[in-house]
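Here is the structure we will look at, set down as structure tokens.
The values are calculated or read from the model by the stated rules, or taken from the named source; none is laboratory data. These numbers come from a predicted model, not from an experiment. With ideal geometry, Cβ positions are generated from the backbone for all residues, glycine too; neighbour counts draw on all protein chains shown.
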């Protein structure tokens, strides 16, 4: 009888982790790329003018943003504005399905929806003194803190790859949400663009 093993979650960029570690070492921490583990990602749709938004905000522990291209923190994740009636809700610790069902139970009654999209994107965290400079090589947005400060987000293109770009609480600290099928391409392009930032090993 064939041996069976329990299924384990796949990490699409696991093979790139040694390269990410080497990059952090060779830049003295001035540029790091890390895979951000997200326990649950939910696509939330609701009428922003309805009472449902307030109820859902109370459940999430943070006010769902209505200003375009902004995001807010929750106790263990983010609520990212994607459109007038659409958000991406992430959680580092929530169990898939359980968190989705809790949110759906609140919004479905009033015509909203909450769908688990945890497998839809890989999340990279790019940070360090050189992070903004690296992103600017492949992104048309003006990423200067005066134009794209902490609390801002955008659906844009980095290295010819569609991403959701989130500016975190410190300068030069970003999250990039990318579809798994393009994650390897994006990782390769970022590592290639970072070549000049690496310190040549001593001989």
* **Residues being modelled with pLDDT of 95 or more and either in contact with a strand residue (DSSP E or B) (Cβ under 6 Å, 6 or more places away or on another chain) or assigned to a loop (DSSP other than H, G, I, E, B) (or both) - total across the range 49-74** => 11
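For the range 155-167, which residues satisfy the criterion of being crowded, with 16+ Cβ neighbours inside 10 Å and over 11 Å from the mean Cα position of the chain (by Cα)? Explain how you work it out, then say what you get.
Of the range 155-167, the ones crowded, with 16+ Cβ neighbours inside 10 Å are 156, 158-159, 161, 163-167.
Passing the criteria: 156, 158, 159, 161.
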* Is the range 173-194 home to any residue that is in contact with a strand residue (DSSP E or B) (Cβ under 9 Å, 6 or more places away or on another chain), closer than 18 Å to residue 71 by Cβ and either in a loop (DSSP other than H, G, I, E, B) or not assigned by TED's automatic domain parsing to the domain that holds residue 24 (or both)? -> no
* How many of the residues making up the range 81-90 are in a strand (DSSP E or B), touching a residue at least 12 places away in the same chain (Cβ under 8 Å) and farther than 19 Å from residue 101 by Cα? -> 2
* To do: Of the conditions (1) in contact (Cβ under 8 Å) with a residue 60 or more places away in the chain; (2) crowded, with 16+ Cβ neighbours inside 10 Å; (3) over 28 Å from residue 170 (Cβ atoms), residue 53 clears all except one; give me its number.
  => (1)
* **Scan of the range 27-40 for residues that are modelled with pLDDT under 95 and outside any loop (DSSP other than H, G, I, E, B), ordered by number** => 40
* Asked: Among the residues of the range 5-20 satisfying the criterion of being in contact with a strand residue (DSSP E or B) (Cβ under 9 Å, 6 or more places away or on another chain) and modelled with pLDDT of 95 or more, which is surrounded by the most Cβ atoms within 10 Å (Cβ to Cβ)?
  -> 16
* Asked: Can you tell me which residues in the range 168-184 are crowded, with 17+ Cβ neighbours inside 10 Å, touching a residue at least 24 places away in the same chain (Cβ under 8 Å) and over 17 Å from residue 37 (Cα atoms)?
  -> 172
